[in-house]
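Report on the structure given below.
The values are calculated or read from the model by the stated rules, or taken from the named source; none is laboratory data. Note that the structure is predicted; figures quoted are calculated from it, not measured. Cβ placement follows ideal geometry from the backbone for every residue including glycine, while neighbour counts extend to all protein chains displayed. When the accessible area is computed, the model is the full protein with side chains, heavy atoms only, and any ligands, DNA or RNA have been set aside. Shrake-Rupley method; radii C 1.70, N 1.55, O 1.52, S 1.80 Å.
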Amino acid sequence: MIKVAVLGYGTVGSGVVEVIQDNNDLICQRIGSEIEVKYILDLRDFPGDKNEHLVVHDVKTIMEDPEIDIVCETMGGAGAAYEFTKQALTAGKSVCTSNKELVEKYGPELLALARKNNCNYQFEASVGGGIPIIRPMNTSLAPECIESIKGILNGTTNYILTKMAAEGAAYEDVLKQAQDLGYAELNPEADVEGHDAGRKIAILASLMTGKTVRYEDIHLEGITGIDAVDFAFAKALNKSIKLIARADRASDGSLTAFVAPHMLGADHPLGRVDDVFNAVFVTGNMLGDIMFYGKGAGKLATASAVVSDVIELARAKMAGYALPCIWAEDKVALKPYDEIKGCFLIRVKEDEAGRLAGAVSGISEAAKVSGYVGYKIEGISEKALKEALASTGLQAKIIRME
Ligand code: HSE
């Protein structure tokens, strides 16, 4: 019998218990052993909940119980969750988590601690909610030199952008809907300012390189600067606006990573990823392009990914092996994001269009919308483009295009 403790009985934690209990027969079959949730750690009581008898308030109960094989950390944050994870791993209990903040900050340390104590640390649900991406990065994509990863990695912002584009919905109303559906972070700034996507691309870029890409080094632009005119341009150009988190390896081996809104054509696979769905578009040097798609947030989707780790951890424990993950502490120095060349839409007021056309070369008119003219420019870095625009003194707005 495999016995599991779940730390935190919030949206994801309660989902983990539900998945383990409701799909118990097939999970047991796939592990080759019975499995049950023995404890749920939470500060609160849950009177009337069918699992209220499993709730404990003292983490020692879990750490000191030799019957507990696997701990699911679904508390969030990098405070108590970090301490409890270390305690569990030190006690030889394998841990899995949905906590991207913790994984981004302490991933290599916790992986090393797990190895030292003959147990495992897994974090499938920390990126892309229910999408399998961490395990494929560590296994199926192991033969590849990964050249780039571009992802819609935040369900809340994708939900907001989709509703605003399709229904002209007001930002505040859609954010509230995303919160009610359990998609948003406690502090929604983490979603809308790009921090959540930044942590997730830091984790993926670390697995891509086998070293540590720090979230603090990643340039973040969220969706709060996107307005109705941007959506009008996107519609006129048959494009959609998506918050893209990306890591690109240049031919000299240097890496850039950043998060920013992009206009994507209807023919781009990420351009059709709507609502709470996330997708990760990976390019490998042998495989070429591959895309992973699924629900990026929400209780049962995320819980399913956590339980996929539980199953892996249980199998690894019974067979006595270490699960693969190469992620060293050495830090990757990122190349400045604004030095890589790309394609942009520049928007200026119609009466200023002549001045722009005279001052910036290589632009071509893409559309006229709501009193603005949009120009496309390709093969230029954001830095060079901003310098050229600054010399015009125009109030121009730019957005990346793919
Ligand atoms: N707030 C996150 C999102 C939850 O919207 O994607 C999943 O990490």
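Some values worked out for this structure:
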item	result
Separation of the Ile340 and Glu34 label points, Cα + 7 Å toward Cβ, nm	5.2
Given charges at Cβ of Lys, Arg, Asp, Glu: the chain dipole, positive-most of Gln179, Ile340, Phe258	Ile340
Inter-site label distance for Ala333 and Glu189 at 7 Å from Cα along Cβ, in nm	3.2
Total charge dipole magnitude, the chain, about the Cα centre, Cβ charges on Lys, Arg, Asp, Glu only, Debye to nearest 20	840
DSSP-defined antiparallel bridges as percent of all bridges, the stretch 337-401, nearest 5	100
Accessible surface of the chain [probe 1.4 Å, protein heavy atoms]: carbon and sulfur percent	49
Projected label distance in nm at Val56 and Asp180, using a 7 Å step from Cα toward the beta-carbon	3.9
Student exercise, the stretch 337-401 dipole from Lys, Arg, Asp, Glu Cβ charges, in Debye to nearest 20	120
Rg over Rh [alpha-carbon atoms, Kirkwood Rh] for the chain	1.02
Summed side-chain charge close to Leu313 - residues other than Leu313 whose Cβ falls under 10 Å, Lys, Arg +1, Asp, Glu -1	0
Largest-first ordering by accessible area, 1.4 Å probe, given options Asp252, Asp42	Asp252, Asp42
Subset of Lys299/Lys335; Lys239/Lys349; Lys335/Lys386; Lys163/Lys397 violating a 29 Å alpha-carbon distance limit	Lys299/Lys335
Highest-fluctuation residue, Thr74, Thr224, Thr256 considered, GNM on the chain with Cα pairs under 10 Å	Thr224
Using θ = phi - 60° and Karplus 6.51 cos²θ - 1.76 cosθ + 1.60, couplings along the stretch 219-234 (whole Hz; Gly, Pro as x)	5, 10, 10, x, 10, 5, x, 7, 10, 4, 5, 4, 5, 5, 5, 4
Length gained when the stretch Val229-Lys386 is fully extended (0.36 nm per residue, less Cα-Cα span)	54.5 nm
Cα-centre dipole for the stretch 137-295 with unit charges at Cβ (Lys and Arg positive, Asp and Glu negative), debye to 20	400
Cα lying deepest toward the dipole's positive end in the chain, options Leu113, Phe277, Met401, charges on Cβ	Met401
11 Å beta-carbon shell around Ala114, net charge (K/R +1, D/E -1)	+3
Heavy-atom surface of the stretch 337-401, accessible at 1.4 Å and reported per residue (Å²)	50
Two-decimal log10 I(q)/I(0) for the stretch 156-289, as the Debye equation yields it once each C-alpha is a single scatterer, q = 0.09, 0.11, 0.19, 0.22 Å⁻¹	-0.28, -0.41, -1.13, -1.37
Length released on extending from Glu352 to Leu287, taking residue separation times 0.36 nm less the Cα-Cα span	18.8 nm
Within straight-line cross-link reach of Lys60, lysines at Cα separation under 21 Å, skipping those fewer than 8 residues along the same chain	Lys3, Lys38, Lys86, Lys93
Qualifying aspartates and glutamates (Cα of each under 18 Å from Cα of Lys116; at least 8 residues distant if same chain)	Asp69, Glu83, Glu329
